Amino acid sequence: RYFKIWSRCNSMVKSWLLNVVNKEIYDSILYYEDAAEMWDDFFRRFKVNNLPRKYQLEQAVMTLKQGDSDLSTYFTKKKTLWEQLANTKSSLVKKCNCDQVKELLEDAETSRIIQFLMGLNDSFNKICGQILNMKPPPLLNDIYNMLDQDESQRLIGNNTKVSPAPVAFTMQSVTPDNGQIMLAQ
């Protein structure tokens, strides 16, 4: 009974995997018996663990600045680099709830927060200062939401400023020597 369920699920996952890879990879995994074998092959083949790649990713994380990008694009690029970097690290501990691991995870989150805030444009300096003084510090995604709201409010504020009327439509009265009033544009 369980074999039928497993077989159906295995076939479905194999199908998904085969449908998303390119032709060269497809040919090399086509004859695996189950999806777990395919997945293990992918993991061994594509897991990046060489030192030059780690160096390159660390450097990209540290040097990435917001620049001309909007907040969402910058955050997405930074997060993608963090995920790629995380893929280079060995994961000997599968699951652990001990306090030391929690502390390490909190330190990693704090490092990401600092890296993210350091790369922001100067227009975010005020809110970054407020965020850095929060106790306890918010999570990275919460910080992104705060910054996004701040950016939206500033954009709304810039759009609602009253701008002076264009010069082409201003009217002024001119009184010629004969006493008649003329309007000039």
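Does region 31-73 come out rounded, prolate or oblate, given a ≥ b ≥ c as the square roots of the eigenvalues of its C-alpha gyration tensor, rounded meaning a/c under 1.5 and, failing that, prolate meaning a/b above b/c? Oblate shape, in that a/c is at least 1.5 and b/c is the bigger or equal ratio.
Taking GluC sites (Glu not before Pro) across region 1-44, the ones in a DSSP loop with at most 16 further Cβ atoms lying within 10 angstrom of their Cβ are GLU33.
Of the chymotrypsin sites (Phe, Trp or Tyr not before Pro) found in region 1-95, the ones in coil according to DSSP and having at most 12 other Cβ atoms within 10 Å of their Cβ are TYR31. For the set LYS54/LYS77; LYS47/LYS89; LYS89/LYS135; LYS65/LYS126; LYS23/LYS54; LYS54/LYS89, the pairs lying more than 19 angstrom apart at their alpha carbons are LYS89/LYS135; LYS23/LYS54. Computing FRET efficiency as 1/(1 + (r/R0)^6) for SER123 and GLN59, where r is the C-beta to C-beta distance and R0 is 25 Å, gives about 0.45.
A crude spin-label estimate for the pair PHE46 and ASN87, with each label 7 Å from Cα along the Cβ direction, gives 0.6 nm. Within region 101-164, the trypsin sites (Lys or Arg not before Pro) that combine a DSSP coil assignment with at most 12 other C-beta atoms in a 10 angstrom radius are LYS161.
On the beta carbon distance between SER69 and GLN100, with R0 = 45 Å, the FRET formula returns roughly 0.75. Rounded to a whole number, what % of the accessible area of region 8-88 do carbon and sulfur atoms account for, probe 1.4 Å? Accessible surface attributable to carbon and sulfur in region 8-88 totals 57 percent.
The values are calculated or read from the model by the stated rules, or taken from the named source; none is laboratory data. Keep in mind it's a predicted model, so treat the numbers as computed, not measured. So basically every Cβ, Gly included, is an ideal-geometry build from the backbone, and we count neighbours across all protein chains shown. Just the protein is used for accessible areas: all its heavy atoms, side chains included, with ligands, DNA and RNA removed. Shrake-Rupley method; radii C 1.70, N 1.55, O 1.52, S 1.80 Å.
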